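The values are calculated or read from the model by the stated rules, or taken from the named source; none is laboratory data. Note that the coordinates shown come from a computational prediction; the quantities given were computed from them, not determined experimentally. Counting neighbours? That spans all protein chains shown, and the Cβs are built from the backbone with ideal geometry, glycine included.
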């Protein structure tokens, strides 16, 4: 089966001078994600997780190697992806539904039809907001929403144009533990209904194990894939699973990989296992 996301021996230096000096942000990244797969990328700060996201979306092009998404080479910004970040970055002068509609005003083929189909698009946005628990808040402004509500709206904005792939860069990192777990379930349910591909960058190992089908561990800069762990926990998952021995064993296994990276003592077998 052809992979939906396919990185083949990808290296990236941020400019020509660094390339000539052999200084890479990420090196020899090879991984494949099947269509509809949820993957998580974990690793220490500065390991290249966000660089990986830029490569996937076409915001950066590799210095070496190749990337394909949905069977096509990535040679520029992708239109089939949506993104959400740690900061929701909602426009303060727009209502919640107005913020969610923003991609449809920018991305074709929706942009050229926006005026004619505004009522249809707005109904879609309101339905999406209701599905994540924001019914009744559609016409509120960002300052009237809690941090968790703003992040829900940000995820809706990333999904309103029905992308085939959602990229999430530490989307829940600034939230308290209870809100973060609520949003894990919000994302879980959205993904279960629509089965878009997800690439989640996170420092939270519990988050990665709870949500993902596969977790990749990246090394310190220059970033390399040092371990790949399939999460063989049954779906659908609920928060009770996070207290089971099977769940905590996987988290501890991943934590050992991160600890080995920080100490500089990554066993050779881990590198071979990820290859």
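Within region 16-75, the residues that satisfy the criterion of being under 30 Å from residue 260 (Cβ atoms), touching a helix residue (DSSP H, G or I) at 6+ places or on another chain (Cβ under 8 Å), part of a loop (DSSP other than H, G, I, E, B) and at pLDDT 90 or above are 24, 25, 60, 62, 63.
Just the residues that are assigned to a loop (DSSP other than H, G, I, E, B) and on the phi < 0 side of the Ramachandran plot, please, taken from region 161-186. Passing the criteria: 161, 163, 164, 171, 172, 173, 174, 175, 176. Scanning for something more than 23 Å from residue 30 (Cα to Cα), touching a helix residue (DSSP H, G or I) at 6+ places or on another chain (Cβ under 7 Å), surrounded by 19 or more Cβ atoms within 10 Å (Cβ to Cβ) and touching a residue at least 12 places away in the same chain (Cβ under 8 Å), does region 235-249 turn up at least one residue? No, because not a single residue in region 235-249 is more than 23 Å from residue 30 (Cα to Cα), touching a helix residue (DSSP H, G or I) at 6+ places or on another chain (Cβ under 7 Å), surrounded by 19 or more Cβ atoms within 10 Å (Cβ to Cβ) and touching a residue at least 12 places away in the same chain (Cβ under 8 Å).
Filtered by the rule that a residue be surrounded by fewer than 18 Cβ atoms within 10 Å (Cβ to Cβ) and free of Cβ contacts under 8 Å to residues at least 24 places away in the same chain, region 68-83 gives 72, 73, 75, 76, 77. Tell me which residues, restricted to region 46-67, are crowded, with 17+ Cβ neighbours inside 10 Å and more than 27 Å from residue 174 (Cα to Cα). Selection gives 62, 63, 65, 67.
Okay, residues lined up against (1) crowded, with 21+ Cβ neighbours inside 10 Å; (2) modelled with pLDDT under 95:
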site: 133; (1), (2): no, yes
site: 157; (1), (2): yes, no
site: 172; (1), (2): yes, yes
site: 177; (1), (2): no, yes
site: 209; (1), (2): yes, no
site: 213; (1), (2): no, no
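Scanning region 252-275 for residues that are closer than 21 Å to residue 223 by Cα, surrounded by fewer than 18 Cβ atoms within 10 Å (Cβ to Cβ) and modelled with pLDDT of 50 or more yields 253, 255, 256, 259, 260, 262, 263, 264, 265.
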